[in-house]
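What follows is a short report on a single structure.
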Amino acid sequence: VSNEGTANLNLTSITSSNPSEFAISLNPGASTITPGTEVDFEITFSPTGVGVRTAIITIISNDADENPYTFNVQGNGDCAAGTLTFFPNNGPVGTVVNVTSSNYNFGGSTTATVNGVPASVNIISNNEMEVTIPTGAATGNLEINDDLGCLSSDLFIVVDKLISDCEGSSGSTPSDLFISEVTDHGSGSHSYVEIFNGTGAAINLTNYEIRLHNNGATTPTHII
């Protein structure tokens, strides 16, 4: 603020209409500016959202024809690139996913969608939240829209709870037993075979057997 007149300029205050985003960080406050001198003030821009942000700066003084003196300021709020971490990153509908962000903008306005389907959220802190995978969601991006309006996303795989066949392609209930897991430990007695019955009914094992072929033998070396 410069005094180009011949009398003292008595400065009363400098204020911002939007101090949360345009703060008067260096403020001379009430002061007297003698003719031919000046005082400095600074405005710090800290956007709380994306896009164009504005404020009106008001200077109160004893100026005869410009009191108050006002002018407009504006800035553009950009989204800083952030990284999301999901745990777990897959699961069925109803899974509660813990989400953390390298940014610190989670809050009361933060929302989430899974492949476009709105999901409920529970804010834990400004960089941690929980997202519940909603009914109707399919595999796709879990997208977070934080309090600044910044979007971040990563892939979440929605697992279908429906029991499917061994190939997992038809979506039908299995009609028979199948081997669901095998371990083959290098030594000792740590190997096992897991058999899954997804038919929904009891099965008599009398007519079933497991044939073991050691080291790729063409004929079974053990029959259980």
Hits in the range 188-223 (condition: assigned to a loop (DSSP other than H, G, I, E, B), modelled with pLDDT under 85 and aliphatic (A, V, I, L, M)): ALA201, ALA217
For the range 55-64, check the following and say yes or no: at least one residue is closer than 20 Å to ASP146 by Cα, touching a strand residue (DSSP E or B) at 6+ places or on another chain (Cβ under 9 Å) and not in a strand (DSSP E or B). no
Looking at the range 129-146, is at least one residue more than 10 Å from the chain's Cα centre (by Cα), surrounded by 14 or more Cβ atoms within 10 Å (Cβ to Cβ), closer than 30 Å to PHE22 by Cα and without any contact (Cβ under 8 Å) to a residue 60 or more places away in the chain? no
Are there any pairs with C-beta distances below 7 angstrom linking a residue in the range 1-24 that is at pLDDT below 95 to a residue that is in a strand (DSSP E or B) and charged (D, E, K, R), with the two at least 6 apart or on different chains, and if so which? VAL1/GLU38; SER2/GLU38; ASN3/GLU38; GLU21/ARG53
Candidates VAL121, VAL99 - the one that is touching a Leu at 6+ places or on another chain (Cβ under 7 Å), surrounded by 15 or more Cβ atoms within 10 Å (Cβ to Cβ) and assigned to a strand (DSSP E or B): VAL99
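Residue-wise test of (1) of a type outside the set (Ser, Thr, Tyr); (2) within 30 Å of ALA7 (Cα to Cα); (3) not assigned by TED's automatic domain parsing to the domain that holds SER17.
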{"residue": "THR32", "(1), (2), (3)": "no, yes, no"}
{"residue": "THR48", "(1), (2), (3)": "no, no, no"}
{"residue": "GLY51", "(1), (2), (3)": "yes, no, no"}
{"residue": "THR58", "(1), (2), (3)": "no, yes, no"}
{"residue": "GLY94", "(1), (2), (3)": "yes, no, yes"}
{"residue": "ASN103", "(1), (2), (3)": "yes, no, yes"}
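The values are calculated or read from the model by the stated rules, or taken from the named source; none is laboratory data. This is a predicted model, so every value here is computed, not measured. FYI the Cβ positions are ideal-geometry reconstructions off the backbone, even for glycines, and counts take in every protein chain you see.
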